[in-house]
Amino acid sequence: MLGRCLAVGLACVSGLALSGCQSTITGPVNVTGDTLALQIVRMDGGSGSALVSSGIPLPKGKLTSSNIAHVVLLVAGVEQAIHVEALAGTWPDGSIRSLLVQFPYTVSTGNPIAALLIMGPSVTRSTTDLPKTTVTGNIPAAAALPTSTTYLVATELVGQTITRAASPATPAIVSNWETDFVTFGDQHWATEAGQWLYDYYDRALIWYAWWVRTGNPEYWRRGTIDAVAYRQQFLEGNNFILQPHEAQMEGQTLHYLLTGDEASRTAVGKVADLFSWQWTPNLNCTQCTSNGGQYVEGRIQARTLQSHYLAWMIDAVGDSAVDWASRMATDVTNILSTQQPDGSYRFAEWEGAHSNYMTGLMHDALIKYYTYVQADARIPPAIKKTLDWMWATQWVSTAQGFKYVSENMSTGTTTPTTDLNLLIVTGYGWYYQYSGDATYKTEAETMFAGGVAGAWLDGYKQFNQNYCQAYRYLFYRQ
């Protein structure tokens, strides 16, 4: 959708602001280029002059590092002196993922101020650039945030999803899921804000995803607070020594892209490096009994591949230099080698049983790799085989949920757990979109409805599990 530009002061009414909205600004300055509407939002509860500092996500192909000089920021028609730089990590075509912008401005809590970011070959700053202010772990005093949710979704910052406004009214269960998020999200925030324990299953990611989907800056603020708390209290507090189930690294990656905080990028690199030598060599173990291989299961496979994907996204470096693309290719090969002939994934850790929700996590990581890194032809048929086997043998229609594990074992039973449906649904939704076979949408809709109806959202872990992946299902089901 192309934007509509109006020759009224500084206004640019845009459905997808940076996909064709050519705006000519006259008055104190005269520039023509692609225009992105921003709002300057006070984040620290204060008033008066503040350093506005934030990362502005960009869609693939929008801007390259060589064109940084062709960016101007205006407030009330006046060009602002700014610091601007490309944050680390590029799209595969070499374009920038996020742009750090800093400048001082007077803004009060609860009174956002409109601004415009203009880019284009004819745009040149007439002010002297400001020096960079180091980004620390504190929440920025103020941030400049895009206002268009259509634009934010198009950046695919949090993967493929749809805006809250585009969320369908039917089936009603989708509306229930959306409404429950607000109710229970506010409830959890009231007592759990800024405490790393409650980031299990990446609540920072969830808040950022809802900022993208709604444009509500409160969710950006929550994501930033929780991301810093998890990093400082847990990751740094444990010197980055952790197990894969404790790794909530997507929120850390987003925190870097949205604030420019290098400490979060460092955290992503250190965790990815740890997993690269600790787990990548063992990801193909199904019956290993030593050297850590005996602990491998689907969640470890998922979090290992995910950590390398995130480090690749933002060019993060750990304690050693690693070619993340090559490491991910090894991860994928090792993971796929553990699939059994019937489509299941069985490990010694689970006493030879298959874990349905952990396979859902692993599918989610494979889908991100396939979508953004390499369209490996082995992945779709492997996912299909597992989806078919799981639906035929693991789905319990009377409970509207999947078995916890495929066979009874000493640490788990086959008792269905509807709370975990929404960690599985993205695989079915993605394969529906990939293949066009409506069978997979029908199955996905059934498990989504069962998961929403049966979820215990008072639990912090259950709340996070129901919202950390399923927002992307809304895109796949279209």
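The values are calculated or read from the model by the stated rules, or taken from the named source; none is laboratory data. Everything quoted here is computed from the prediction, not taken from an experiment. We place every Cβ from the backbone using ideal geometry, glycine too, and count neighbours over all the protein chains shown. Ligands, DNA and RNA are excluded from the accessible area calculation, which covers all protein heavy atoms including side chains. Shrake-Rupley method; radii C 1.70, N 1.55, O 1.52, S 1.80 Å.
Brief remarks follow.
- Tally of residues being surrounded by fewer than 18 Cβ atoms within 10 Å (Cβ to Cβ) and within 19 Å of the chain's Cα centre (by Cα) across segment 302-323: 1
- Summed over segment 418-452, residues that are assigned to a helix (DSSP H, G or I), at pLDDT 95 or above and among the acidic types (Asp, Glu) total 2.
- Options 111, 176, 216; residue that is at pLDDT 95 or above, within 30 Å of residue 309 (Cα to Cα) and among the polar types (S, T, N, Q): 216
- Test: residue in segment 376-396 that is modelled with pLDDT under 95, over 28 Å from residue 166 (Cβ atoms) and not small (Gly, Ala, Ser): no
- One residue from 467, 440, 432 being over 30 Å from residue 187 (Cβ atoms), of a type in the set (Ser, Thr, Tyr) and open to solvent by less than 20 Å² (accessible area, probe 1.4 Å): 440
- Single residue of segment 400-413 satisfying the filter (open to solvent by less than 40 Å² (accessible area, probe 1.4 Å) and within 31 Å of the chain's Cα centre (by Cα)) that is farthest from residue 352 (Cα to Cα): 401
- Qualifying positions in segment 332-352 - buried (at least 24 other Cβ atoms within 10 Å of the Cβ) and more than 25 Å from residue 433 (Cβ to Cβ): 347
- Cβ-Cβ under 7 Å pairs, at least 6 apart or on other chains, segment 61-84 side more than 16 Å from residue 124 (Cβ to Cβ), far side open to solvent by less than 20 Å² (accessible area, probe 1.4 Å) and in a helix (DSSP H, G or I): none
- Hits in segment 85-102 - residues which are within 15 Å of residue 127 (Cα to Cα) and under 23 Å from the mean Cα position of the chain (by Cα): 101
- Restricting segment 358-396 to residues that are among the aromatic types (Phe, Trp, Tyr) and within 27 Å of residue 248 (Cα to Cα) leaves a set whose member that is surrounded by the most Cβ atoms within 10 Å (Cβ to Cβ) is 369.
- For residue 132: the one exception among (1) under 20 Å from residue 38 (Cα atoms); (2) in contact with a strand residue (DSSP E or B) (Cβ under 8 Å, 6 or more places away or on another chain): (1)
- If the condition is being open to solvent by less than 10 Å² (accessible area, probe 1.4 Å) and out of contact with any Lys or Arg (no Cβ under 9 Å at 6 or more places or on another chain), then segment 64-87 contributes 74, 75, 77.
- Pairs with Cβ under 7 Å, 6+ apart, first in segment 401-427 and without any contact (Cβ under 8 Å) to a residue 12 or more places away in the chain and at positive phi, second open to solvent by less than 10 Å² (accessible area, probe 1.4 Å) and among the aromatic types (Phe, Trp, Tyr): none
- Considering (1) touching a helix residue (DSSP H, G or I) at 6+ places or on another chain (Cβ under 8 Å); (2) free of Cβ contacts under 8 Å to residues at least 40 places away in the same chain; (3) more than 24 Å from residue 226 (Cβ to Cβ); (4) of a type outside the set (Lys, Arg), the lone condition that residue 443 does not fulfil carries the number (2).
- Restricting segment 99-117 to residues that are closer than 22 Å to residue 128 by Cα and hydroxyl-bearing (Ser, Thr, Tyr) leaves a set whose member that is surrounded by the most Cβ atoms within 10 Å (Cβ to Cβ) is 105.
- Between 432, 345, the distinction of being of a type outside the set (S, T, N, Q) and over 16 Å from residue 305 (Cβ atoms) belongs to 432 only.
- Filtered residue count, segment 453-464, keeping only those that are part of a helix (DSSP H, G or I), surrounded by fewer than 24 Cβ atoms within 10 Å (Cβ to Cβ) and touching a Phe, Trp or Tyr at 6+ places or on another chain (Cβ under 7 Å): 4
- Filtered residues of segment 148-172 (kept if β-branched (Val, Ile, Thr), in a loop (DSSP other than H, G, I, E, B) and open to solvent by less than 30 Å² (accessible area, probe 1.4 Å)): 155, 158, 161, 162, 163
- For residue 245, the conditions (1) under 20 Å from residue 303 (Cα atoms); (2) without any contact (Cβ under 8 Å) to a residue 40 or more places away in the chain all hold with the exception of (2).
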